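A short write-up of the structure that comes next.
The values are calculated or read from the model by the stated rules, or taken from the named source; none is laboratory data. Here the structure is a predicted model, which is why all the values come from computation and not from measurement. Heads up, the Cβs are rebuilt from the backbone with ideal geometry, glycines too, and the neighbour counts pull from every protein chain shown. Calculation scope for accessible area: heavy atoms of the full protein, side chains included, ligands and nucleic acids excluded. Shrake-Rupley method; radii C 1.70, N 1.55, O 1.52, S 1.80 Å.
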Amino acid sequence: MSLRWRDAGRQAMAFAILGGLLFLMFHLTSENLRSRGIHSGFGFLWEPARTPVADSPLKVEAGVDSYAKAFVAGALNSLKITFAGIFSATIVGVVVGLGRLSTNALARLLCRGYVEAMRNVPLLLHIFLWYGILLQLPAAADAHAWGGQVLATNRGIYLFNPVVDGFEVHAGLFVTPEFLALFIGITLYTAAFIAEIVRAAVGSLQRGQWEASTALGLSRATTLRRVVLPQALRVALPPLTSEYLGIFKNSTLAVAVGYQDFMAISNTMLTETGQAVEVMAVVMAFYAVVSLLVSAAMHGYEHRNARWGLR
Amino acid sequence: MSDILRIRNLDKWYGSYHALRSIELAVADQERIVVCGPSGSGKSSLIRCINGIESFQSGALEVCGIALKPEGGDLTTVRRNVGMVFQQFNLFPHMTVLENCTLAPTTARGMSLKEAQAVAMELLARVRVAEHAHKYPAQLSGGQQQRVAIARALCMKPRLMLFDEPTSALDPEMVKEVLDTMVALAHEGMAMVCVTHEMGFARQVADRVVFMDEGQVLEVAPPAEFFGTPRHPRAQAFLGDLLHA
Amino acid sequence: MSDILRIRNLDKWYGSYHALRSIELAVADQERIVVCGPSGSGKSSLIRCINGIESFQSGALEVCGIALKPEGGDLTTVRRNVGMVFQQFNLFPHMTVLENCTLAPTTARGMSLKEAQAVAMELLARVRVAEHAHKYPAQLSGGQQQRVAIARALCMKPRLMLFDEPTSALDPEMVKEVLDTMVALAHEGMAMVCVTHEMGFARQVADRVVFMDEGQVLEVAPPAEFFGTPRHPRAQAFLGDLLHA
Amino acid sequence: QQPAAASSPTLAQVKQRGVLTCGVIGSSANFSLPDSQGVMRGIDADSCRSIAAAIFGDGSKVKYVSLTPAQRLVALQSGEVDVAYANLTWTMTRETKSGAQFAAVNFYDAWGFLVPKASKVTATNKLNGATVCMLAGAAEPRAAEYFDKIKIRYKPVTFAEGEQMRKAYLAKRCDVMFHDISAIASFKQTLGAQGDEHVLLAETYGREPLAGAVRKGDDRWFDIVRYTWNAQVLAEELGITQANVKTFPTTDPAVKRLLGVEGDLGASMGLEKDWAVNVISQVGNYGEMWERAFGKSGMPRGPNKLAANGGLMYAFPMQ
Amino acid sequence: MNYLAGERIPPRPPPAAASGWLARARALFFATKASAVVTVLLGAATVWLAWHLWLWGVRHAMFSTGGQGSQACLAPGVGACWAVVGDKLRLILFGIYPYEQQWRAGIAMAILVVMYAVSAMPRFWGWRLSAAWTVALAAFGVLMWGGVFGLPWVPDDQWGGLPVTLILATLGISAGFPLAIVLALVRHQAKGGVGKALAVAYIELARSVPLLAVLFLASVMFPLFLPPEWNLSKLFRVFVAFALFTAAYLAEVIRGGLQALPLGQYEAAAALGLSRWVTTTRVILPQALATVLPAIVNVFIGFFKATSIVVVIGLFDLMTAAKRATADPQVEGFSTEVYLFVALIYFAFCYAMSAYSAHLQRRLDASRPGTPPP
Ligand SMILES: Nc1ncnc2c1ncn2[C@@H]1O[C@H](COP(=O)(O)OP(=O)(O)OP(=O)(O)O)[C@@H](O)[C@H]1O
Ligand SMILES: Nc1ncnc2c1ncn2[C@@H]1O[C@H](COP(=O)(O)OP(=O)(O)OP(=O)(O)O)[C@@H](O)[C@H]1O
Ligand SMILES: [Mg+2]
Ligand SMILES: [Mg+2]
């Protein structure tokens, strides 16, 4: 315990040093910029934003809300895709990972093919592909509302009482194809990596654990759910953390298909204000802080889980 | 007399390695068998065939009246009637002792959790680890872990217990704990097949000793006879080594 | 008579756990000591202090005339004069047997590779694994691996050999191989300190037996005396268990 | 007395380096985009080529630096590029706050609205609630301003890549494409027959004078960029073309001065006497540049016509 | 009751186990009812997908338009338009490298590919391979830059396409690797001072910010610091950023390998009196690296793919070149074909890497007591 605290202290110190260095760098750069006649400073954050953010939990209106609020809206969007991605990629990944250990040879083969196809091609291409596919959905006017509740169009998937009204569709809930393409792309791509992690973790389990479960007459499903996966999770946690952080950072590809994540909004702001250094400083800070929080949370979970792992 | 286990002309190969060769063995209800033999002689393979953890290629095997064929059989029923204790304990490290003991009864037997816990506590008390019921395996000594493993197998109320060198991963002092427990169990009249080199145990509880070598059963005899006047030359050599080491 | 190892009033703590308590022990040149005692009594800790793998907090320790202080000392020289064989062998799995044996002589002793290989082959032949020199450890049986570990330690031509339960990870039959090798070594007049529960070995080669419990040396006596008429009550109880198991 | 021509530090540096570094977007058809052979094509690329021709007498001595919209001004500031022809709109704050100075407008653009004919939209005020596809960056605030002005609600969908945006528009992901009219025109052109199924609404928005920019503080360098452009416009006015520049009758004094037969216009900027001849013979006059970039797209030259023909392109006297 | 064996039973060959492909297929695909259902469902889906892909990609595809341009592909019923890829092939592969000089880039690329293949063969491992690599990289540089032997000079800002992707990945990874080892060792120390703290901070920070943002910052801020004549090439800047990032990611992977090593290995080395250097280089690292080999290759693959983000600073790698190809109005509507083609290139390289690591893994496992999978 005390050891962990000392470790944390050391990390904190290191971050303080690095933070100082970074601050110095930014300071020097902005001095440099000023000397070249470029306006700088963080004052722009409170000026009204010149672009709206429509598809976000936090609506930002052009000319009314501040740049700071636009940043927050982007941050929410980034977190939204990240958490959705983590959730679904984990499920798909576990299923595929276990599929590679299936007794059915075809399932094993397909899962292997899936993993290879996904992880050997850049994510951006996957996202383009899914966006292209989603755009094949019918236009809003031609779409058929299934059970009157689900309307799948290339404008988005609308749930709960979708009503087509001129150019617009009103519904209880909807997701845009941009979000979906990013979401499906990230999910399926990351799931391939998670599948490999799961496979390795399950493989690292001692054979005796399988045998003991078998000898006790447990079914394969019970064995997986109660004996194998909980133990595999422990081995898999550190690499899983990396994958989760990967999802967060990969969400910056959103800009390619027009989903307004933090990076996309920052880019727009940067073009608008021309304050590249400041905007990028905010970007780095956001990604660094969230990543560190996520990995701290995962470490905490690891420690909580470690009570039985006195190896 | 009803036999709880009947093995007839059983052969097993690992790839092209002939691991068990024409095994013939019958174990009566309540009978206690000790299997011994040099390393690699196929003791573990035999015992693992009995509850279907390993498959075999030819011959017949009947456990508790259920026939296991080379192509398999009603493994589930067999396994519910046969308990097994491993050399490496193989406890589930992420579950407490009590959870280890209740998992199979609740999921495979459909017992209620409460009932399963009551049964488990009783059995844990019998192997004298009841006070550790809420600890994790890693917090117990080896001897205690092995006793938990025994209790875990007993929780399924098996009619036949299989032990695969249950004491060889233990420190000398812990060996005693576990053997005492097994002796106590043996006197309750449960059938058991036990692979072990502990001659003291064999002498004390075994009805018969089975000696194996190169996948073959070479000699079957009551312990007094086997340890006193082994008849097969290989058995004589083996016992010589064992006493020396 | 010169002492190769002198331990005076040595104390060691793990955190706040007092693992070795005022140990006093002197080992003469060419003397053979067997250390025994129940699990957790501090045998490994003691032996690991001797070649500085563990540090200690107070007392004095002199190996081959070199003083190890609590703050350390000339560990390199000590380790070159002291060989150690572990329970888990600890061979380097990514190197062949021969490479395992020549690594230390060539890098730490500055021997030429050729010379080191000649020495190693000779020693491997002595422990009867010369024909496996180009295999990897994983391709050997446990007994063979342990013998390689012994040869590896011998390659540094140590004046004192330390053994930490070298046979307890082995199958009964393999135990014999390794013990035979050790007995042969013992008769060559090298000083050794050996943690083991093998009474046959202790009887045959030990000059003195050291009995430890709870971090303390309780009894030191020649084997005949110790096994015949142990004087300390804890030793009596311990030997009772050992004979029983 | 004029300061010595060599007092342009940028020019000295460029000459020493032997190559002009020119910032372009590099991904926008008609302005700057590598063709199948990897050669940068488009009006911005040609503007860069013209400067190189003016300096070195060799239009190929250009190193194109592809810049994202966000990097354009910084790259200019930091000295990474000597001049930027990177779809930069000449705005006041860019000059007053960002340290850039605009030398020459090589293209007057504006924002336009493309809709499918089938949607029967004829004017932007019919677009209430419409979804609008646009590129991330410059288009976003312009669209916000415009729709705010005409009090119309809209939903923006922004893309980093024009290719993805066009794909989305064609798939009817959005009802309108809000884009540069120049780009819309060439997009329609590439659709061939299907191009007729889309209409460019009559309304346009914004003034988008796309201009070449240099760092502030090196006036001689600024002159070179500006008058290179000026020479090309003037050449078009005078009827001098790539083909006839070597044989053009030098009777007109304006022609004489431009082609260096008379006077020392080049020397005043630290260039050779025949700088303008090099520009025109290697790249052509402004009209030729325009034709090469946009001719195929079938878009009208509109404001980019010479002033004499009712456009905005007007050359200052060179004397 | 009692029994005494007579003759020793000699080992017999196993019975011809349910042999024949039919029986094997049954065991593989129809062992149980559930398995059979899975086989049928997955099989049907696979066949359906494969059939449609074949129709689109081969049967109805257009491989050449006979000089009519991509418009010819707009005809109804036409599947993939591979003709577009053919038109843009050299742009995709070589970017804006001068057209007449692209044979140089081609040879340079081939040299790298050959070197990868050679390096993959254990029998070539040794100092000679290092020498070969030095020569190969020098040749790459000479061919790509030129300026000697009568080859015109091509600044690295004009390099493009696959060669850029390959050289970035190669150099970034090979420079990042040693750095990663140092970082991992420093961080793995039991008690560390400022060094460890800095290593921790560096690794965590580098892993927590997107490479995209860092590259951008580097490209924007770097020049502001340096005097203009110091103009470091973009390629060099990206290479440095890549090496630094790869190092941070690899360091964590390698540290995992270090942690997985049993303590006994350190103790045995200490007991033999091995120096720290020998212990680390001869005993610890070879084992640690071998245990995490698959993860190391994963990082390599990851960075190979990540080279595509150099687009943010305007370098023309493979992906950027492909995007530029699709920006051409002539390619309007056929970007899928171009992207598929690029995906195939990435796949070829990455799959080669992952297959090779699996192969190495099997080789290593043979010399290690492996636990068989369940
Ligand atoms: N999965 C397997 N694949 C191939 N051969 C095997 C396998 N399991 C065991 N064997 C071989 O079968 C023979 C019998 O093994 P088994 O484990 O039954 O011996 P044992 O009598 O239990 O030995 P020990 O006393 O060492 O546990 C040995 O030669 C062993 O090498
Ligand atoms: N690294 C450590 N940290 C804390 N406690 C330790 C550590 N190593 C050993 N101990 C404790 O010190 C005591 C002595 O341990 P040691 O390993 O020396 O015993 P031993 O006599 O060798 O036992 P065994 O026969 O089981 O090997 C034990 O109680 C053990 O739990
Ligand atoms: Mg066995
Ligand atoms: Mg010990």
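Calculated from DSSP H runs of 4 or more alone, at -39500 (n - 2.57) each and per residue, what is the 222 nm mean residue ellipticity of the protein assembly as shown, nearest 500?
Working: 53 runs with 733 residues, N = 1494.
Per the formula, -16000 deg cm²/dmol.
Post the alpha-carbon centroid distance, segment C:138-210 to segment B:173-219, in whole angstrom.
30
On a 0 to 90 degree scale, rounded to 10, what angle separates helix B:233-244 from the longest Cα axis of chain B?
The answer is roughly 50 degrees.
Which net charge results when you count Lys and Arg as +1 and Asp and Glu as -1 among the other residues whose beta-carbon is under 9 Å from that of B:ARG48? Please list the in-between numbers first.
On the way: positive: none; negative: A:GLU211, B:GLU54, B:ASP164.
It works out to a net charge of -3.
As I understand it, the dipole of chain B uses +1 on the Cβ of Lys and Arg and -1 on the Cβ of Asp and Glu, about the Cα centre. Which of B:PRO222, B:ALA108, B:VAL175 lies farthest toward its positive end?
B:ALA108
Under a cut-off of 26 Å between alpha-carbon atoms, report the lysines in cross-link reach of D:LYS155, not counting same-chain residues fewer than 8 places apart.
Leaving aside lysines fewer than 8 places away in the same chain, those within reach of D:LYS155 are A:LYS59, A:LYS69, A:LYS80, D:LYS117, D:LYS120, D:LYS126, D:LYS167, D:LYS172, D:LYS188.
Suppose every K and R has +1 on its Cβ and every D and E has -1 on its Cβ; what is the size of the dipole of the protein assembly as shown about the Cα centre, in Debye to the nearest 20? Mind dumping the intermediate values first?
Details: 133 positive and 117 negative charges, 131 e Å.
It comes to approximately 640 debye.
Interface size between chain B and chain A, please: total buried accessible area, 1.4 Å probe, rounded to the nearest 100 Å².
On the way: alone 11130 and 17770 Å², together 26970 Å².
Counting both chains, the buried surface is close to 1900 Å².
Sorted from largest down, what three extents in whole angstroms do the Cα atoms of segment D:163-319 have along their principal axes?
In descending order, the Cα extents are 59, 38, 25 Å.
Averaged per residue, what accessible area in Å² does the protein assembly as shown show with a 1.4 Å probe, protein chains only? Mind showing how you got there, number by number?
Working: 60620 Å² over 1494 residues.
With all protein chains present, the protein assembly as shown gives 41 Å² per residue.
Normalise the Debye intensity by I(0) for segment B:1-146, one equal point scatterer per Cα, no solvent, then take log10 at q = 0.10, 0.16, 0.18, 0.19 Å⁻¹ and round to two decimals.
After summing over all Cα pairs, the log10 values are -0.45, -1.00, -1.12, -1.17.
Got a sec to turn the phi values of segment C:218-223 into Karplus ³J(HN,Hα) couplings, 6.51 cos²θ - 1.76 cosθ + 1.60 with θ = phi - 60°, whole Hz, x for Gly and Pro?
9, 8, 10, 7, x, x
Using square roots of five times the C-alpha gyration tensor eigenvalues, list the equivalent-ellipsoid semi-axes of the protein assembly as shown in whole Å, biggest first. Before the final figure, lay out the partial values.
Numbers: eigenvalues 1138, 298, 160 Å².
Listed largest to smallest, the semi-axes of the protein assembly as shown are 75, 39, 28 Å.
Considering only E:VAL283, E:VAL142, E:VAL186, give the residue with the highest GNM mean-square fluctuation for chain E, with springs between Cα atoms whenever their separation is below 10 Å.
E:VAL283
As an exercise, identify the GluC sites (Glu not before Pro) in segment D:116-181 lying in DSSP coil whose Cβ has no more than 15 other Cβ atoms within 10 Å.
Numbers: sites: D:GLU145, D:GLU161, D:GLU163; in loops: D:GLU161.
Qualifying residues, ordered by number: none.
Can you work out the Karplus-derived ³J(HN,Hα) for every residue in segment B:34-48? Use 6.51 cos²θ - 1.76 cosθ + 1.60 with θ = phi - 60°, whole Hz, and x for glycine or proline.
10, 9, 9, x, x, 4, x, 7, x, 4, 4, 4, 4, 5, 6
Could you tell me the calculated FRET efficiency between D:LYS117 and E:ALA44, based on Cβ-Cβ distance and R0 = 30 angstrom, to the nearest 0.05?
Working: r = 42 Å, r/R0 = 1.41.
Once rounded, the FRET efficiency stands at 0.10.
Cross-link candidates for C:LYS157: which lysines have Cα within less than 18 Å, leaving aside residues fewer than 8 places away along the same chain?
C:LYS114
Can you give the accessible area buried between chains E and A, summed over both chains, with a 1.4 Å probe, in Å² to the nearest 100? Write out the running numbers ahead of the final one.
Values: alone 22610 and 17770 Å², together 35830 Å².
Chains E and A together bury roughly 4600 Å² of accessible area.
Can you list the equivalent-ellipsoid semi-axes of chain E, largest first and in whole Å, using the square root of 5 times each Cα gyration tensor eigenvalue?
Computed over chain E, the values are 43, 37, 20 Å.
Excluding residues fewer than 8 places away in the same chain, name every one of the aspartates and glutamates whose C-alpha is closer than 12 Å to that of C:LYS135.
Leaving aside aspartates and glutamates fewer than 8 places away in the same chain, those within reach of C:LYS135 are C:GLU99.
What's the magnitude of the charge dipole for segment C:1-119 around its Cα centre, counting Lys and Arg as +1 and Asp and Glu as -1 at the beta-carbon? Answer in Debye, nearest 20. Spell out each step's value before the answer.
Numbers: 12 positive and 11 negative charges, 29 e Å.
The calculated dipole for segment C:1-119 is roughly 140 debye.
What translational D, rounded to a whole number of µm²/s, comes out for segment A:113-266 from Stokes-Einstein when the hydrodynamic radius is the Kirkwood one over Cα pairs, at 4 °C and 1.567 mPa s?
Values: Rh = 18.4 Å.
D, rounded to a whole number, is 71 µm²/s.
How many square angstrom of accessible surface are buried between A and D, both sides summed, with a 1.4 Å probe and rounding to 100?
Details: alone 17770 and 14660 Å², together 29520 Å².
Heavy-atom accessible area buried at this interface is about 2900 Å².
Identify which of E:GLY106, E:GLY193, E:GLY257 has the largest mean-square fluctuation in a Gaussian network model of chain E, with springs joining Cα atoms closer than 10 Å.
So, out of E:GLY106, E:GLY193, E:GLY257, the one fluctuating most is E:GLY193.
Show D:GLU203, C:GLU188, C:GLU71 ordered by accessible area, largest first, where the area counts protein heavy atoms only and the probe is 1.4 Å.
Reading off the accessible areas and sorting them downward yields C:GLU71, C:GLU188, D:GLU203.
Identify the trypsin sites (Lys or Arg not before Pro) of segment D:103-140 meeting these criteria: DSSP loop state and at most 14 other C-beta atoms within 10 Å of the C-beta. Please list the in-between numbers first.
Details: sites: D:LYS117, D:LYS120, D:LYS126; in loops: D:LYS120.
Passing sites in segment D:103-140 are D:LYS120.
Of all the Cα-Cα pairs you can form in chain A, what percent are over 23 Å apart? Walk me through the intermediate numbers first.
Working: 32722 of 48205 pairs.
For chain A, the share of Cα pairs beyond 23 Å comes to 68 percent.
Relative to the isolated chain, which residues of segment E:320-336 have their accessible area cut by 20 Å² or more in the presence of all protein chains (1.4 Å probe, heavy atoms, no ligands or nucleic acids)?
Flagged in segment E:320-336: E:LYS323, E:ARG324, E:THR326, E:ALA327, E:PRO329, E:GLU332, E:SER335, E:THR336.
Express in whole angstrom the spacing between the alpha-carbon centres of segment E:272-309 and segment D:148-225.
Taking the Cα centre of segment D:148-225 as reference, the centre of segment E:272-309 is 50 Å away.
For segment D:237-305, run through the trypsin sites (Lys or Arg not before Pro) and keep only the ones in DSSP coil with at most 15 other Cβ atoms within 10 Å of their Cβ. Working shown, then result.
Values: sites: D:LYS246, D:LYS256, D:ARG257, D:LYS273, D:ARG292, D:LYS296, D:ARG301, D:LYS305; in loops: D:LYS246, D:LYS273, D:ARG301, D:LYS305.
Filter output for segment D:237-305: D:LYS246, D:LYS273.
What percentage of all Cα-Cα pairs in chain B are separated by more than 29 Å?
Details: 8573 of 29890 pairs.
When every Cα pair of chain B is considered, 29 percent fall beyond 29 Å.
Mind running the shape call on segment E:168-321? Use the C-alpha gyration tensor, a ≥ b ≥ c as the square roots of the eigenvalues: rounded below 1.5 for a/c, prolate if a/b tops b/c, oblate otherwise. Walk me through the intermediate numbers first.
Details: a/c = 2.74, a/b = 2.02, b/c = 1.36.
Prolate is the answer for segment E:168-321, as a/c is 1.5 or above and a/b outweighs b/c.
According to the square roots a ≥ b ≥ c of the eigenvalues of the Cα gyration tensor, what is the shape class of chain D, taking rounded for a/c under 1.5, prolate for a/b larger than b/c otherwise, and oblate for the remainder? If you can, show how the numbers build up before the last one.
Working: a/c = 2.19, a/b = 1.76, b/c = 1.25.
Cα axes put chain D in the prolate bin.
List the residues of segment B:73-89 for which accessible area in the full set of protein chains is at least 40 Å² lower than for the chain on its own; 1.4 Å probe, protein heavy atoms only.
Listed by number, the residues meeting the 40 Å² cut-off are B:ARG79.
Just the number, please: Stokes-Einstein D of segment B:91-169 in µm²/s, Kirkwood Rh from C-alpha pairs, 4 °C, 1.567 mPa s. The partial results should precede the final answer.
Details: Rh = 12.4 Å.
Once the numbers are plugged in, D ends up at 104 µm²/s.
Could you size up the charge dipole of segment A:225-311 around its Cα centre, putting +1 on the beta carbon of Lys and Arg and -1 on that of Asp and Glu, and report it in debye to the nearest 20? Can you show the working numbers first?
On the way: 7 positive and 5 negative charges, 174 e Å.
Once rounded to the nearest 20, the dipole reads 840 debye.
Around B:MET161, which amide H atoms from residues at least 5 apart in sequence, or from another chain, sit under 5 Å from its own amide H, with H modelled in the peptide plane?
Under 5 Å from the amide H of B:MET161 lie the amide H atoms of B:GLY83, B:ALA191, B:MET192, B:VAL193, each far enough along the sequence or on another chain.
Which one, D:GLY79, B:MET156, D:THR228, projects farthest toward the positive side of the charge dipole computed for the protein assembly as shown from Cβ point charges (K/R +1, D/E -1)?
Highest projection toward the positive end goes to B:MET156.
Output ³J(HN,Hα) for segment A:145-154: one whole-Hz value per residue in order, computed from phi by the Karplus curve 6.51 cos²θ - 1.76 cosθ + 1.60 with θ = phi - 60°, and x for Gly and Pro.
7, 6, x, x, 10, 10, 10, 9, 10, 7
Given H placed 1.01 Å from N in the peptide plane, which residues other than close sequence neighbours of A:ARG155 have an amide H under 5 Å from its amide H?
Close amide H contacts, sequence-distant or interchain: A:ALA140.
Can you give the longest run of chain E that contains no trypsin sites (Lys or Arg not before Pro) sitting in a DSSP loop with at most 12 other Cβ atoms inside 10 Å?
Working: sites that count: E:ARG8, E:LYS191.
Between exposed loop sites, the widest span is E:192-374.
Wrap a convex hull around the Cα atoms of segment B:54-124, take a quarter of its surface area, and give that in square nanometres.
Numbers: hull surface 24.4 nm².
Answer in nm², one decimal: 6.1.
When the Cα atoms of segment D:227-286 are enclosed in a convex hull and the volume is divided per residue, what value in Å³ results?
Values: hull volume 4.0 nm³, N = 60.
Measuring per residue, one finds 66 Å³ for the Cα hull of segment D:227-286.
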